[in-house]
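Just so it is clear, none of the values below were taken in a lab; they were calculated from the coordinates. Since the model is a prediction, treat every value here as computed from it, not as a measurement. Counting neighbours? That spans all protein chains shown, and the Cβs are built from the backbone with ideal geometry, glycine included.
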Amino acid sequence: MFFKRVFKTFVAVTILSNTFNIVMGVFDLAQSVVQNAGGLIGSSTAVSPGMMGAFESELMAMDIGALIGLWMQTLIIGITMVALNIIIFVIIYGRMVEIFMLTSLAPIPFATLANHELSHTGQNYFKSLLAIGFQGLLILVCVGIYAALIQNISIGGDPIGGYGPPWATPFFCALPY
């Protein structure tokens, strides 16, 4: 019984002494996975000069009413983008505070790993640490989906009707009612 307690104490002291190394190892692993997955997204969201030239010629051919409608749509989208930027920055700063708190309070749940009755606390903490680390991979998947969608935007045609509601498309307008 004595040697069992000495061994548990040794394990607990070793874990607590290396808590920061364990936490940083988890974040380094997650960062490595995110960086390797980032190379898979090869599509670019950059607008080429040829695309801008085609879009400019389409705008020159439109009348003033259609241009005002397009301006109103882009104004609404611009305001929405500003609001989304604010929301994204608040979420990012909140996540950074959460990561800071998880890192600074890591010795408390890690201290429970050597105890049989409380070991689930440390295990759940470690799982949440891995989950937070791999949320970057989820964000990268969302950015990849966005990049794939951006590449499919058509420049030619009617810029207002092309992105309008489904009932404004030529297919729905040709249906008999």
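Which order do TYR125, TYR146 fall in if you start with the one that has the fewest other Cβ atoms within 10 Å?
Values: TYR125 19, TYR146 13.
Ordered by Cβ neighbours within 10 Å, fewest first: TYR146, TYR125.
Do you know the relative contact order of region 2-154, to the nearest whole percent, from alpha carbon pairs under 8 angstrom that are 6+ apart? Don't jump to the answer; show the numbers that get you there.
Values: 67 pairs, mean separation 75.1, N = 153.
Dividing the mean separation by the residue count of region 2-154 yields 49 percent.
Give me the number: length gained by fully extending GLU117 to ILE91, i.e. 0.36 nm times residue separation minus the C-alpha to C-alpha distance, one decimal in nm.
Values: separation 26, 0.36 × 26 = 9.36 nm, distance 3.54 nm.
Length gained, GLU117 through ILE91: 5.8 nm.
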